[in-house]
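Trainee: Quick one: the structure is below, questions incoming.
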Amino acid sequence: MKDQFFADYLERLENLQHRLHKEVPDLSAETMDWSPGPAMNPKMNSVAVLLAHITGVLHEGIAIALDQPPGRVREQEFQTRGVPGAEMLRRLDAVLDYARGALPRLGLDDLDQARKDEDGTVTCGWALLHALEHAYLHLGHLQLTCQMWRQREK
């Protein structure tokens with residue numbers, strides 16, 4: 001990769017991928033669909049929803065950075081059900097492959113270039129960093145949900 005920023009960005013994506021693979025690898029569809037709500041909070045998302053959302057956010061951020069339409073239907077991510085962990089991780093891995101192909105096409109000069117997102121205009125750099133930040137936030141939510149599931153089993 002020609003610029004260290006993009007190599008570092010990819011390294012952070014791969015770290016996220018590794019952490020999700022560590023957390024989710026063999027979860028059944030039932031486990032993936034479990035939510036600690038409504039008893040605790042009806043708006044708490046399942047692992048499947050969180051992983052679908054992380055995948056969507058990352059793909060969208062990279063597409064926006066490339067100045068391409070993201071093709072994301074955010075609402076569908078929150079309807080994800082009945083998908084085993086292995087399949088959800090395969091979808092995440094496909095986004096990482098997309099990033100590996102996309103990031104070398106960008107240079108440091110692109111980072112301050114204007115891009116369109118659903119809310120208006122952002123920079124290429126903002127799109128990439130927002131996606132990464134948002135994905136790591138939801139990694140924490142996913143980890144907490146998995147911890148609650150495992151405590152429930154004891």
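Trainee: Under a crude label model (7 Å from the Cα following the beta-carbon direction), how far is residue 18 from residue 90 in nanometres?
Mentor: 2.5 nm
Trainee: Two decimals is fine: what's Rg over Rh for segment 1-83, C-alpha atoms, Kirkwood radius as Rh?
Mentor: With Rg and the Kirkwood Rh in hand, the quotient comes to 1.05.
Trainee: Which of the listed residues, 142, 103, 66, is farthest toward the dipole's positive end in the chain, when Lys, Arg count +1 and Asp, Glu count -1 at the beta-carbon?
Mentor: Most positive-ward Cα: 142.
Trainee: Whole angstrom only: what separates the Cα centroid of segment 1-80 from the Cα centroid of segment 98-124?
Mentor: Cα centroid of segment 1-80 versus Cα centroid of segment 98-124: 19 Å apart.
Trainee: Which net charge results when you count Lys and Arg as +1 and Asp and Glu as -1 among the other residues whose beta-carbon is under 14 Å from that of residue 107?
Mentor: -3
Trainee: Run down the aspartates and glutamates and flag those whose C-alpha is under 16 Å from the C-alpha of residue 43, throwing out any fewer than 8 positions away in its chain.
Mentor: 33, 75, 77
Rule-based calculations on the coordinates, nothing more; no lab input. Remember, predicted model here, so these are calculated numbers, not experimental data. Every residue, glycine among them, receives a Cβ derived from its backbone with ideal geometry; neighbour counts consider all protein chains shown.
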